[in-house]
Amino acid sequence: MNKKYTFLGSTLIALGFAAVMAANAGAPQTRYRFYIDVPNKSAQNLRSMSGYLNRNGFDIAGVDIKAGKIEVITSEEGVTYLKSKGMSGTALKVMVAGGKQKIAGITEGLDQRYYNPDKIQAKLKDLNTKFPKLTSMLEIGKSLQGRSIWALVVSTTPDVNDAKFHSKPTAMFDAMHHAREVMTPEVVVDIAESMLNTATKGPGRARTVLEGMNIVIVPMLNVDGNAIVWSSDNMWRKNAHADGNRPYGVDINRNYPYKFSACNGSSGQKGAQDFRGAAGASEPETKALMAIAEKVRPVGSISYHSYSELVLYPYGCDGDYTGEHAMIDKLGKDMAAKLPSDRAGSNYTPGTPWDILYAVDGDSMSWIYAAFGAPSFVFEINQDFQPPYSLRDPTVMKQRAAWHHFLDQLAQHMLTVQVRDTAGKPVQAALNIVQIPHVKGERDFGTNMAGNFFKMLMPGNYSIETKTKDGRKSVTPVSMGDGPQTVTITL
Ligand SMILES: [Zn+2]
């Protein structure tokens, strides 16, 4: 049995501190970045302590597994309270202010070169203008405050309303569910930009990828939250959901309908940093990401967050794995092995959220797997959520090795199922792969608007059950080797 690290009086719920976190979007406030030492730097103690902090409404900014530290952003009272519970570490006093203001205690304010909502829109427009045949720009929704939320499609077939788009699998990359995680849009924009720059130089790997696959990026989902980061509170995490003029915010990454509020992986308190909102998909930002995903049906997804240097995979609730854990676990471990830490001598740590830290529910990663059977990851990048801009280039360069590996693996192990009638026309059908058990309430698979279905599958023998609404059905054996394969099922 695991020995649990316990605290004196740990049953006392620190809701008072959750309320302190409900930052008002007005005057700068004093807060502390409290770097708590994990006893013995053990993974077990880190998990136990971060679980305790999370359950008690503290804002965990990130962890440093190797150094055995957990960073909590809190008030002076919060630091005192945690110290009274036996926690020790270094508390750095900071003035929380908008990104345009200098912050006491931090040598440099938030660097102006990071994206804001206007700059991200301009950047995507610029890429779309420069590469009109290889991109399309989509407004996937509007935020609570009326800002546009954008996606960019990168592909040789970039029109999502055309059947050609739906004849290829789609990989999806998103960033900035959380407003303060300013490095994450940089990585996702780089995925599009580096692929476009390389693909237009001539034949080669990037061109081949874009001919065989669509890439969809959503680089700044939480546009309103990011506006708060720049105007009044550089530590803001959630969206701008407000009581009158006072934003309390919903954590978009606890607001998805799959396992919404299911396993103590979010909070029902408005002031908490992981407040899940009134209902699954209550927030326009959540709806926007879900809508684009439903449209393109991703075969794989990486959602970029910061920080902690982790590669996380489903599911979020304690003890839950997908029915394809062996494949997803290997993908996650292989990508983590390609991601060296910002500090020398170690790599990103792979695992499920509950393996490494604590349970999460209503998260995008779990929803994407459950809805589409797509291997789905969260990368927690860097060792700070607002690193100096000098880390921008090294970060995006480093991330390329991992997402390239992801795209390569998706392409290599892709099964394409074309469901057609006897005249060769696309047929809408529900699909089930007998060897992939739906163990945790996952949705059935189905064809897209062009009668196609895509799925990453490891080598092996599979049975594909296909059925139409009007009762036509078949069972088709498929033997996957170590390469991609296309099968046509005639119904
Ligand atoms: Zn995050």
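Summary of computed values
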item	result
The lone exception for T286 - which of (1) at pLDDT below 95; (2) crowded, with 24+ Cβ neighbours inside 10 Å; (3) of a type in the set (S, T, Y) it fails	(1)
Qualifying residues in the stretch 167-185 (those that are in a helix (DSSP H, G or I) and buried (at least 24 other Cβ atoms within 10 Å of the Cβ)) - the one farthest from the ligand (Cβ to nearest atom)	P185
Qualifying position, being away from the ligand (no atom under 16 Å from the Cβ), modelled with pLDDT under 95 and out of contact with any helix residue (DSSP H, G or I) (no Cβ under 7 Å at 6 or more places or on another chain), among K125, K83, K102	K102
Residue list for the stretch 231-281, restricted to those being of a type in the set (S, T, N, Q), touching a Leu at 6+ places or on another chain (Cβ under 9 Å) and at pLDDT below 95	N234, Q269
Of all residues in the stretch 30-61 being among the basic types (K, R) and touching a Leu at 6+ places or on another chain (Cβ under 9 Å), the one that is modelled with the lowest pLDDT	R33
Conditions (1) farther than 26 Å from S282 by Cα; (2) not in a strand (DSSP E or B); number of the one not met by S136	(2)
Residue that is nearest to the ligand (Cβ to nearest atom), among those in the stretch 199-229 that are surrounded by 24 or more Cβ atoms within 10 Å (Cβ to Cβ) and farther than 30 Å from Q409 by Cβ	G225
Any strands (runs of 3 or more DSSP E) falling wholly within the stretch 26-86 and containing at least 3 residues that are within 22 Å of the chain's Cα centre (by Cα)	59-64, 69-74
Positions within the stretch 353-364 being crowded, with 24+ Cβ neighbours inside 10 Å and either touching a Pro at 6+ places or on another chain (Cβ under 6 Å) or within 18 Å of K66 (Cα to Cα) (or both), in sequence order	P353, L357, V360
Condition broken by S390, with the remaining ones in (1) over 30 Å from D59 (Cα atoms); (2) among the polar types (S, T, N, Q); (3) free of Cβ contacts under 8 Å to residues at least 40 places away in the same chain satisfied	(1)
Every residue from the stretch 110-133 that is surrounded by fewer than 16 Cβ atoms within 10 Å (Cβ to Cβ) and not in a helix (DSSP H, G or I)	D111, Q112, R113, P132, K133
Candidate set from the stretch 243-273 (those that are touching a residue at least 60 places away in the same chain (Cβ under 8 Å) and outside any loop (DSSP other than H, G, I, E, B)); member that is nearest to the ligand (Cβ to nearest atom)	N253
Search result, residues across the stretch 428-448 that are touching a residue at least 24 places away in the same chain (Cβ under 8 Å), over 22 Å from P484 (Cβ atoms) and assigned to a loop (DSSP other than H, G, I, E, B)	Q428, P437, H438, V439, K440, G441, E442, R443
Some residue of the stretch 138-146 being out of contact with any Pro (no Cβ under 8 Å at 6 or more places or on another chain), small (G, A, S), buried (at least 16 other Cβ atoms within 10 Å of the Cβ) and at pLDDT 95 or above	no
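Yes/no matrix, rows are residues, columns are (1) of a type in the set (G, A, S); (2) exposed (fewer than 14 other Cβ atoms within 10 Å of the Cβ); (3) in the same structural domain as F406 (by TED's automatic domain parsing); (4) modelled with pLDDT of 95 or more:
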{"position": "P437", "(1), (2), (3), (4)": "no, yes, no, no"}
{"position": "E442", "(1), (2), (3), (4)": "no, no, no, yes"}
{"position": "N448", "(1), (2), (3), (4)": "no, no, no, yes"}
{"position": "T466", "(1), (2), (3), (4)": "no, no, no, yes"}
{"position": "V475", "(1), (2), (3), (4)": "no, yes, no, yes"}
{"position": "S479", "(1), (2), (3), (4)": "yes, yes, no, yes"}
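The values are calculated or read from the model by the stated rules, or taken from the named source; none is laboratory data. Since the model is a prediction, treat every value here as computed from it, not as a measurement. Please note: Cβ atoms are built from the backbone with ideal geometry, for glycine as well, and neighbour counts cover all protein chains shown.
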